[in-house]
1. Any residue at all in segment 40-51 that's out of contact with any strand residue (DSSP E or B) (no Cβ under 6 Å at 6 or more places or on another chain), modelled with pLDDT under 95, under 20 Å from V112 (Cα atoms) and among the charged types (D, E, K, R)?
2. On the given criteria, is S28 in contact (Cβ under 8 Å) with a residue 12 or more places away in the chain and surrounded by fewer than 14 Cβ atoms within 10 Å (Cβ to Cβ)?
3. Quick one: is N62 on the phi > 0 side of the Ramachandran plot and surrounded by fewer than 16 Cβ atoms within 10 Å (Cβ to Cβ)?
4. Which of (1) open to solvent by less than 40 Å² (accessible area, probe 1.4 Å); (2) touching a Ser or Thr at 6+ places or on another chain (Cβ under 9 Å); (3) in a loop (DSSP other than H, G, I, E, B); (4) not small (G, A, S) is the odd one out, the single condition N81 does not satisfy?
5. Within segment 12-25, how many residues turn out to be exposed (fewer than 13 other Cβ atoms within 10 Å of the Cβ), assigned to a helix (DSSP H, G or I) and of a type in the set (A, V, I, L, M, F, W, C)?
6. Test E35 against the stated conditions and say whether it is out of contact with any strand residue (DSSP E or B) (no Cβ under 7 Å at 6 or more places or on another chain), farther than 19 Å from F4 by Cβ, without any contact (Cβ under 8 Å) to a residue 40 or more places away in the chain and not in a loop (DSSP other than H, G, I, E, B).
7. Scan segment 1-11 for residues that are farther than 15 Å from P45 by Cα, exposed (fewer than 15 other Cβ atoms within 10 Å of the Cβ) and of a type outside the set (S, T, N, Q) and jot them down.
8. State all residues of segment 90-114 that are open to solvent by less than 70 Å² (accessible area, probe 1.4 Å) and small (G, A, S); if no residue qualifies, say none.
Amino acid sequence: PCKFFLAGGSNDKILIEKVMASVKNCVSLSALNMEEIISIISSCPTYIGNDTGFGHLAANLNSKCLMIFCDSPPSAYGLWNPNIKIIVPEGETVESCSHNTRGKNRISFDMVLKKSLELIN
């Protein structure tokens with residue numbers, strides 16, 4: 001059993017609602033302030049998601065993190081903290097992935113699932 005916390009802004013409202021309607025144990029963080037969010041993130045042992053501020057907060061709060069870099073350079077943003085494990089698009093490396101990679105279609109569910117299971121085991 002686990003909870004899934006969905007971080008997103010007002011532009012993500014429809015997507016968050018779709019996920020919450022289809023997955024049990026989901027909580028949206030979109031209506032919370034940063035103090036409330038930090039308190040929740042600090043209690044989470046694991047962060048799995050995109051290279052975002054929430055992921056970097058989780059890494060600083062000592063959570064094990066799996067960060068997905070599809071259009072940002074992990075060499076600049078993902079190597080600073082040993083809590084961060086990195087996923088890059090198929091065919092890319094930590095060094096070749098950049099702001100113009102546009103690689104979201106080259107990161108498969110299976111790739112994320114495999115790395116997630118490695119992280120939590």
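The values are calculated or read from the model by the stated rules, or taken from the named source; none is laboratory data. None of these values were measured; they are calculated from a predicted model. Cβ placement follows ideal geometry from the backbone for every residue including glycine, while neighbour counts extend to all protein chains displayed. All accessible areas refer to the heavy atoms of the entire protein, side chains included, with ligands and DNA or RNA removed. Shrake-Rupley method; radii C 1.70, N 1.55, O 1.52, S 1.80 Å.
1. No; the residues of segment 40-51 include none that is out of contact with any strand residue (DSSP E or B) (no Cβ under 6 Å at 6 or more places or on another chain), modelled with pLDDT under 95, under 20 Å from V112 (Cα atoms) and among the charged types (D, E, K, R).
2. Answer is no for this residue.
3. Considered against the rule, which asks whether it is on the phi > 0 side of the Ramachandran plot and surrounded by fewer than 16 Cβ atoms within 10 Å (Cβ to Cβ), N62 comes out as yes.
4. For N81, the exception is condition (2).
5. 3
6. Criteria met by E35.
7. Passing the criteria: only G9.
8. Scanning segment 90-114 gives S96, S98, G103, S108.
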